[in-house]
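For reference, the structure is listed below as structure tokens.
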Amino acid sequence: MTESTLIEFDKSRNLILTNCELQYCKLVKAVLYKDKWQWEMSIKTSDPEQAQNWADNHLNVRPNNTMKPTEWVVSLNRKTHTKDGTAQEPVRVVDLQKRPISDENKRKIGNDSIGNVILWQGKYDNSFGTGVTTSLTALQITKLIEYSGGMAELDFESFGEEGDKEITLGADGAPSEDIF
């Protein structure tokens, strides 16, 4: 990434980010984060220009050194309630033709799917400081990589010679015959 040139705006605005790699989409059931319920997902890129554009648009871009030293990630969320307690609509998720995607199919959005993201941004100035707040508004899936994992398919017979999952090795480096 190069030196940041923040894009200025006066009023709140909507911003679209195109061609984003998606990760960890939790858009059906809200999750608890720092005592607040929210829907969340991350976007990532290996393109330094795209990462710079995100940073210039007031997004908290961070290197993803745990995965690849040349990837950048932004965490996005939408709170279930505004600060005055008003309930918010969930993140709108649509397909290429802008048709709503069902909750069942939202659960199938896997890592490395590609999409366009609409964000709402507004400035704040309060006792915590000044800055720009961002809220995830909508997601359009342009290329779906279907998530097929989960606990439903995992059971004890999935491990060992007949199964496809690995057995954790004991201290001696050999699989334990008796785990209890």
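Miscellaneous remarks
- Geometric descriptor of segment 4-92, per residue, is 127 Å³ (volume of the convex hull of the Cα atoms).
- Rounded to the nearest 20, the size of the Cβ-charge dipole of segment 13-149 about its Cα centre is 320 debye, with Lys and Arg at +1 and Asp and Glu at -1.
- The label point for TRP37 and the one for ALA87, both projected 7 Å from the Cα toward the Cβ, are 0.9 nm apart.
- The slack in the chain from SER127 to ASP95, taken as 0.36 nm per residue of separation less the alpha-carbon distance, amounts to 7.5 nm.
- Relative frequency of Cα-Cα separations exceeding 13 Å in segment 1-42, percent: 73
- Segment 13-149 - Rg over Rh from alpha carbon coordinates, Kirkwood radius: 0.96
Read-outs: derived from the displayed coordinates by stated rules, not from any lab. Here the structure is a predicted model, which means the values were calculated and not measured. Methodologically, a virtual Cβ is constructed for each residue, glycine included, from the backbone with ideal geometry; neighbour enumeration extends over all protein chains shown.
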